[in-house]
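Asker: Handing you a structure now.
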Amino acid sequence: MALDYKLIGQRLRKARLEKGYTQEKLSEIMGVSVAYLSRIETGTTHINLKRLNELSNILGISEALILNGASDDSKSYLNDELSSILKDCSPEDKELIYHIANIIVNKEDK
């Protein structure tokens, strides 16, 4: 699964605005230029893990939410990714995946 840096940037921008930070304020806290933060938010610069962790801590959101759009402890975690995979499967493969998922879910209930 390739990372969509534009989508990651949109999520970061949304989180920044929800926290009430301007790009100027957040870039000051991080010790980076406003231009750099802007490029992250537009997806024209690829964010590295160090900056991702730093931003998630400052903004109070998980890295999973930034990368996947869902917290890894939420019920919607990976729903879009699974739907995307299933969309390209044959009916037979979908049935096989369904049975395997049922086995996994029933195993976890025990």
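Asker: Within region 9-59, which helices (runs of 4 or more DSSP H) (wholly inside it) include 1 or more residues that are within 20 Å of Gly69 (Cα to Cα) and in contact with a Pro (Cβ under 8 Å, 6 or more places away or on another chain)?
Answerer: none
Asker: I need the full set of residues from region 1-20 which are exposed (fewer than 11 other Cβ atoms within 10 Å of the Cβ) and among the small types (Gly, Ala, Ser), in order please.
Answerer: Hits for region 1-20 are Ala2, Gly20.
Asker: Select from region 1-51 the residues that are within 25 Å of Ser83 (Cβ to Cβ) and either assigned by TED's automatic domain parsing to the domain that holds Leu82 or among the hydrophobic types (A, V, I, L, M, F, W, C) (or both) and list them in ascending order.
Answerer: Met1, Ala2, Leu3, Leu7, Ile8, Leu12, Ala15
Asker: Let me ask something additional. Filter region 64-79 for residues that are among the small types (Gly, Ala, Ser) and part of a loop (DSSP other than H, G, I, E, B); which is modelled with the highest pLDDT?
Answerer: Gly69
Let's see how each residue does on (1) touching a Cys at 6+ places or on another chain (Cβ under 7 Å); (2) of a type in the set (S, T, N, Q); (3) at pLDDT below 90:
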residue: Arg39; (1), (2), (3): no, no, no
residue: Ser62; (1), (2), (3): no, yes, yes
residue: Glu81; (1), (2), (3): no, no, yes
residue: Asp109; (1), (2), (3): no, no, yes
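The values are calculated or read from the model by the stated rules, or taken from the named source; none is laboratory data. These numbers come from a predicted model, not from an experiment. Please note: Cβ atoms are built from the backbone with ideal geometry, for glycine as well, and neighbour counts cover all protein chains shown.
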